[in-house]
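Right, one structure below, let's go through it.
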Amino acid sequence: MLWACLRFPGLAFAAAFAALPEDVPGALLEDNARRRTVAIVNPAAQKLGVQRGQTVAAARALCPSLVVRARDKAAEAGLLAELAAWCYQFSGHISMAPPQCLLLEAGASLRLFDGWSALSGKLKQGLAALGHVHALAAAPCPAAAWVLAASFDGCVVQHPEQMLRLLNDIALSRSGLPAKSVQALRSMGFRRLREVFALPRPELTRRIGREGMHWLDRLRGHASEAIPAWQPPATFFQRIEFDAELEGSEPLMFPLRRMTQALANMLAARDGGVQLFRLRLEHTRVSFTEIPVGMAAPQREAARLFELARTRVERSTLHAPVRAIEIHAEQLPTFRPPLRDLFDPVRGEGLDWSALDERLRARMGESALRQLSAVADHRPERAWRHGDGSTPPLADLRPRPLWLLHRPRPMRPTPARVLAGPERIESGWWDGGDLRRDYYIVGTRQGQRAWAYLPAGSHDGWMLHGWFA
Amino acid sequence: MSAIAAEVQQSIATPSLAQVLEHPGIWRRSSQHQPTVRAISTGMPSLDARLPGGGWPLGALSEILFENDGLGELELLMPTLAAMTREHRRVIFVAPPYQPYAPALQAAGVDLRFLHEIHATPTEAAWSMEQCLRSGCCAAVVGWLPDIDYRSLRRLQLAAETGDACAVLYRSAVHAAQTSPAALRLKVSNSNEATYVDVIKSRGLMQGVTPPMRMRA
């Protein structure tokens, strides 16, 4: 087993400022400080002299346009889940370690991705492209990976002895031990894990408690632990609220790009695609514009999804400013990369019939797609039905029209000439559907050829029943 | 956007000049060579003779413009559809205006197991027709879309090319004067008790004006 730990120090900031463009200075407040002080700032704010620990008033004095926000725990959890979804393409066992870490079991993926350096390269490259600052470390047990990611970014240890050597050098304050235990150990003069590991177990347990001892065991891989596996969700929903109301479609593009990217990550994790998603642009609490974005075939590429969403949003007219945007995708069909036959040239998307059938029914309903069956019955209305395409052997060779009217209707004007007939059809007295008709093939003044009937024995009351189309 | 632009550019840039000149829409006076149009026989020798490639063009959109119901406009297509279904290739009817009558189809030689019928509203009809064409698993898709616009026609033409399928669209003859991206346009009309089939546009048509084909006496 090789556990990789990804640590996202900027997660809290990114979650709280989902819709903030990069060049706008922003600052995140300290979690539960009595005084309102700045905890994290972005580079734009840093450039203007805003620093960690300043009070909001001081920061505002340096930079009047500073956007200040408190932490948004729900958004952080959402963003972490989004990142878990993205990482799911690299490992089948992902675990969330809130508030800002993800654990991946990488051992099983090493062969597929051609070793750790290739795998970590892909991870780092992908996360950099997504714009997430991160630290990565890997170790044989998850707790150690978690601790190492905080201290030694980029370190990877495969062997337990090597892992222990690295852990020895970790300062107690960064060891992940409960704050109370760290305090106690520091007051006894211990500084690093090495010194703590050297202590006899019963004495140590007495000082830091069972919990602290268990953590140290987990660090060294002495205690087995169950890591809860993250499961990709079945539908996708995301919402971004704006501080100010946004006028027009242009400012919506930045959050839209983020949302479609998140959707694409989630699809990649599920190995699925999306054929229809809805954008909901909220104007006030009760009024909103809903824009469905549908596509010909299930897609999962971020750029393509964004392109589609952008064109739809630009085309729609927004009657009021937007204050929040939501994206919903309920149906996530399986994504099929086009199948390729080794010898035959591929035609089109290379779908097979069942996939096409499924796609058509999904959009238009179950009854939209039908097949016809012929039935051995003389009555025209009963000589066919919707069915599976089965046919009795062809018995009747008299001409029949390709088009049958759904219901016979009076023929006006009456036929110009009779081309063939009459053919009497008299049947059905036994099942209540009896009819007695004389069918003719007739021509109209426009040169159309029709199938029409008169009640048996009668000379007027022409009824049109079909076209020889 | 740039990715799409690059893709388009690439698809334009890749073929060599010789390949470009092979396009059935291009004919040079100096060459004796007839541009090739891939086609499937209509089953009617006199109609085949009037069409470049000798039949319905494959991987392209054909339009059949008819004056009225019941002139034999669907009969034109039946031999080809029958041949396709007998080879176990699928044929789709999209939004037919009346009930396709199974006994008559059977009599025309169609294997009903490979014929499907799609009921749809006009917008859904255009979408489903495009889907079927694009999928690559349908031999022919026949649609009745009375109010289709130029853009959708173009989409259908592209979809037919993508899926290498035979697309046939039935429309009213009043649209004959409008421009259309279809590779083949036929007009079915009636005068003096006889039905005539007129080729009003055909990609790769070499000889001049041919007299209309007389179909039903």
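The values are calculated or read from the model by the stated rules, or taken from the named source; none is laboratory data. Please read these numbers as outputs of a predicted model, since none were measured by experiment. Positions of Cβ are backbone-derived with ideal geometry, glycine not excepted, and every protein chain shown enters the neighbour counts.
Determine, yes or no, whether A:A368 is within 7 Å of chain B (Cβ to nearest Cβ) and under 26 Å from B:D69 (Cα atoms). Yes; evaluated as a whole, the condition is true for this residue. With respect to B:V110, determine if the residue is in contact (Cβ under 8 Å) with a residue 40 or more places away in the chain, under 28 Å from A:H465 (Cα atoms) and outside any helix (DSSP H, G or I). No. In the range A:358-373, the residues that are under 18 Å from B:D111 (Cβ atoms) reach residues that are surrounded by 14 or more Cβ atoms within 10 Å (Cβ to Cβ) and of a type in the set (V, I, T) with C-beta atoms within less than 6 angstrom, at least six apart or across chains, in these pairs: A:L369/B:I118. A:G209 fulfils the conditions (1) closer than 30 Å to A:S187 by Cβ; (2) crowded, with 17+ Cβ neighbours inside 10 Å except for a single criterion, (2).
For B:Y150, the conditions (1) surrounded by 20 or more Cβ atoms within 10 Å (Cβ to Cβ); (2) of a type outside the set (D, E); (3) more than 25 Å from B:L47 (Cα to Cα); (4) out of contact with any helix residue (DSSP H, G or I) (no Cβ under 7 Å at 6 or more places or on another chain) are fulfilled apart from (1). Reported count of residues in the range A:69-102, each being closer than 17 Å to A:E241 by Cα, in contact with a helix residue (DSSP H, G or I) (Cβ under 6 Å, 6 or more places away or on another chain) and among the hydrophobic types (A, V, I, L, M, F, W, C), is 2.
Scanning the range A:60-69 for residues that are part of a loop (DSSP other than H, G, I, E, B) and surrounded by 13 or more Cβ atoms within 10 Å (Cβ to Cβ) gives A:C63, A:L66.
Within the range B:199-217, residues that are closer than 24 Å to A:L419 by Cα and modelled with pLDDT under 70 reach partners that are acidic (D, E) and surrounded by fewer than 15 Cβ atoms within 10 Å (Cβ to Cβ) with beta carbons closer than 8 Å, at six or more positions or on different chains, in the pairs B:A217/B:E193. The residues of the range B:106-122 that are buried (at least 22 other Cβ atoms within 10 Å of the Cβ) and more than 7 Å from chain A (Cβ to nearest Cβ) amount to a single one, B:V110. Restricting attention to the range B:155-191, the residues being among the charged types (D, E, K, R) and more than 10 Å from chain A (Cβ to nearest Cβ) number 3.
For the structure I just gave you, tell me whether A:A226 is among the hydrophobic types (A, V, I, L, M, F, W, C), in a helix (DSSP H, G or I) and modelled with pLDDT under 85.
no
Checked against the criterion of being free of Cβ contacts under 8 Å to residues at least 60 places away in the same chain, in contact with a strand residue (DSSP E or B) (Cβ under 6 Å, 6 or more places away or on another chain), not aromatic (F, W, Y) and not in a strand (DSSP E or B), the candidates A:A57, A:A45 yield just one match: A:A45. Of all the numbered requirements in (1) within 19 Å of A:T205 (Cβ to Cβ); (2) assigned to a helix (DSSP H, G or I); (3) at pLDDT 90 or above, A:W146 misses one, and that requirement is (1).
Among (1) farther than 28 Å from B:A82 by Cα; (2) exposed (fewer than 13 other Cβ atoms within 10 Å of the Cβ); (3) at pLDDT 80 or above; (4) out of contact with any Leu (no Cβ under 9 Å at 6 or more places or on another chain), there is one condition A:S367 misses while meeting the rest; what is its number? Only one criterion is unmet by A:S367, namely (1). Taken over the range B:73-82, the criterion of being at the interface with chain A (Cβ under 9 Å from one of its Cβ atoms) and among the hydrophobic types (A, V, I, L, M, F, W, C) is satisfied by B:L74, B:M78.
Would the range A:171-185 turn up any residue that is touching a residue at least 24 places away in the same chain (Cβ under 8 Å), closer than 30 Å to A:V313 by Cβ, surrounded by 13 or more Cβ atoms within 10 Å (Cβ to Cβ) and not hydrophobic (A, V, I, L, M, F, W, C)? Lay out the reasoning, then the answer.
Initially, the range A:171-185 is screened for residues touching a residue at least 24 places away in the same chain (Cβ under 8 Å), giving A:172, A:174-178, A:181, A:184.
From what is left, the residues that are closer than 30 Å to A:V313 by Cβ are none.
No, there is no match, as no residue in the range A:171-185 is touching a residue at least 24 places away in the same chain (Cβ under 8 Å), closer than 30 Å to A:V313 by Cβ, surrounded by 13 or more Cβ atoms within 10 Å (Cβ to Cβ) and not hydrophobic (A, V, I, L, M, F, W, C).
Among the residues of the range B:83-97, the one identified as surrounded by fewer than 18 Cβ atoms within 10 Å (Cβ to Cβ) and within 9 Å of chain A (Cβ to nearest Cβ) is B:P97.
If you go through the range A:397-429 and keep only what is outside any strand (DSSP E or B) and either of a type in the set (V, I, T) or surrounded by 13 or more Cβ atoms within 10 Å (Cβ to Cβ) (or both), you end up with A:P399, A:R400, A:P401, A:L402, A:M411, A:T414, A:P415, A:A416, A:G428. The condition of being of a type outside the set (V, I, T) and over 24 Å from A:F152 (Cα atoms) holds for only one of A:A4, A:A27, that being A:A27.
Evaluate the range B:139-162: report whether one residue or more is outside any loop (DSSP other than H, G, I, E, B), over 15 Å from the mean Cα position of the chain (by Cα) and closer than 18 Å to B:V94 by Cα. Looking through the range B:139-162, none of the residues is outside any loop (DSSP other than H, G, I, E, B), over 15 Å from the mean Cα position of the chain (by Cα) and closer than 18 Å to B:V94 by Cα.
If you go through the range A:434-450 one residue at a time, how many are assigned to a strand (DSSP E or B), within 10 Å of chain B (Cβ to nearest Cβ) and not aliphatic (A, V, I, L, M)? Number of matching residues: 2.
The residues listed here are A:L276, A:L267; of these, the one that is surrounded by fewer than 19 Cβ atoms within 10 Å (Cβ to Cβ), within 12 Å of A:L332 (Cα to Cα) and at pLDDT 85 or above is A:L276. Among the residues examined, A:L104 qualifies as surrounded by 15 or more Cβ atoms within 10 Å (Cβ to Cβ) and either touching an Asp or Glu at 6+ places or on another chain (Cβ under 9 Å) or under 18 Å from A:L11 (Cα atoms) (or both).
For the range A:371-387, a residue qualifies if it is outside any helix (DSSP H, G or I) and more than 7 Å from chain B (Cβ to nearest Cβ), and the qualifying residues are A:V375, A:A376, A:D377, A:H378, A:R379, A:R385, A:H386, A:G387. If the condition is being within 14 Å of chain A (Cβ to nearest Cβ) and farther than 13 Å from B:R185 by Cβ, then the range B:43-72 contributes B:L58, B:G59, B:E67, B:N68, B:D69, B:G70, B:L71, B:G72.
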